[in-house]
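What follows is a single structure, written as structure tokens, with notes after it.
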Amino acid sequence: MATPFPETMPAAMPSDGRNRAIAPGTARPARRRRGRAWRRLARCTLVIGALAIIVGPGAPAARATEDSVEPLTQTALALTADPVHGHAQFARYCARCHGASGRGDVNRRIPVLANQRFAYLVRQLASLSEEARDSANMHHALSATVAHDPQTWADVAAYLSTARAPSHTQAGDGRHVALGEATYRILCASCHHDDAWGDDDGFVPSLRNQNYAYLLSQMGRIPALHRRGIDENFAALIRSLKPDEAAGLADYLSRQRGPTPRQ
């Protein structure tokens with residue numbers, strides 16, 4: 001399965017539906033570009049409902065798929081999650097691509113999952129299982145009966161969300177980091193928060209501890225709607241980024257490291 005692991009395994013833990021465990025400034029050269037970004041933002045109204053149904057060809061199928069994802073997600077979130085069982089299932093179905101510690105693969109653009117948010121992981125497993133998100137490898141991994149089970153999603157998500165974040169990730173060349181930070185604070189921080197921690201309440205992922213190559217590749221794929229339930233306005237916003245803005249944003253985010261705080 002392709003879509004992270006602690007050194008010591010935590011004991012089984014109940015989920016409250018979100019698995020909440022208690023566990024600078026912008027550079028002057030970017031000011032003029034920030035003004036342009038603000039104007040683009042005004043033209044591309046960001047709809048927070050990131051799983052809104054896309055209107056257009058194929059929309060009925062997308063609606064049916066998304067309608068099936070929501071109840072499955074809520075079912076998994078309501079279960080008692082067992083990270084020990086999740087570790088075993090991850091090792092069986094996921095580690096071949098995502099690595100034994102869930103730290104991904106830079107060369108194959110496979111994401112780091114270690115220390116990602118519990119609710120977001122559950123949502124993505126449900127979406128991939130229902131093929132509401134494109135990934136032939138993930139669809140194959142989740143085709144096994146046990147991997148298609150909401151209990152398995154909750155267990156694997158519990159394991160990954162408590163896994164140790166990598167101490168090092170691939171970063172970009174640094175040329176556009178200041179522009180990337182300005183872009184992030186204008187376009188992204190309202191949902192992903194100041195330090196890219198994300199939010200369990202809205203299935204908003206943490207963008208910390210991720211490799212530059214993966215982040216940049218996703219900015220190229222989101223406008224193509226490979227996540228079929230993604231909001232059109234959000235895709236348009238990503239599409240509006242100029243190459244140096246996208247590279248700077250990916251570079252800035254790849255330098256945001258350390259554990260994701262639990263709400």
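The values are calculated or read from the model by the stated rules, or taken from the named source; none is laboratory data. Because the structure is predicted, anything quoted here is derived from the model rather than measured. So basically every Cβ, Gly included, is an ideal-geometry build from the backbone, and we count neighbours across all protein chains shown.
Things worth noting here:
- Residues of segment 93-132 classified as in contact with a His (Cβ under 7 Å, 6 or more places away or on another chain) and among the hydroxyl-bearing types (Ser, Thr, Tyr), total: 1
- If you go through segment 95-127 and keep only what is farther than 11 Å from Gln210 by Cα and crowded, with 24+ Cβ neighbours inside 10 Å, you end up with His98, Gly102, Arg117, Phe118, Ala119, Leu121, Val122, Arg123, Gln124, Leu125, Ala126, Ser127.
- Helices (runs of 4 or more DSSP H) fully within segment 161-227 counting 2 or more residues that are closer than 22 Å to Arg109 by Cα and touching a Lys or Arg at 6+ places or on another chain (Cβ under 8 Å): 212-221
Results for (1) more than 20 Å from Leu125 (Cα to Cα); (2) at pLDDT 95 or above; (3) surrounded by fewer than 18 Cβ atoms within 10 Å (Cβ to Cβ), shown as yes or no for each residue.
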position: Ala154; (1), (2), (3): no, yes, no
position: His168; (1), (2), (3): yes, no, yes
position: Gly220; (1), (2), (3): yes, no, yes
position: Gly229; (1), (2), (3): no, no, no
position: Phe234; (1), (2), (3): yes, no, no
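- Considering residues of segment 45-94 that are assigned to a helix (DSSP H, G or I) and among the charged types (D, E, K, R) only, the residue modelled with the lowest pLDDT: Arg63
- Selection within segment 236-250: residues that are at pLDDT 95 or above and within 16 Å of the chain's Cα centre (by Cα). The member of this set that is nearest to Val177 (Cα to Cα) is Leu249.
- Scanning segment 95-120 for residues that are over 9 Å from Ser161 (Cβ atoms), charged (D, E, K, R) and part of a loop (DSSP other than H, G, I, E, B) returns Arg103, Arg108, Arg109.
- Checking the stated criteria, Asp149 turns out to be over 15 Å from the mean Cα position of the chain (by Cα), modelled with pLDDT of 85 or more and over 27 Å from Arg255 (Cα atoms).
- Filter result for the condition that a residue is over 30 Å from Arg92 (Cβ atoms), of a type in the set (Lys, Arg) and touching a helix residue (DSSP H, G or I) at 6+ places or on another chain (Cβ under 9 Å), over Arg185, Arg133: Arg185
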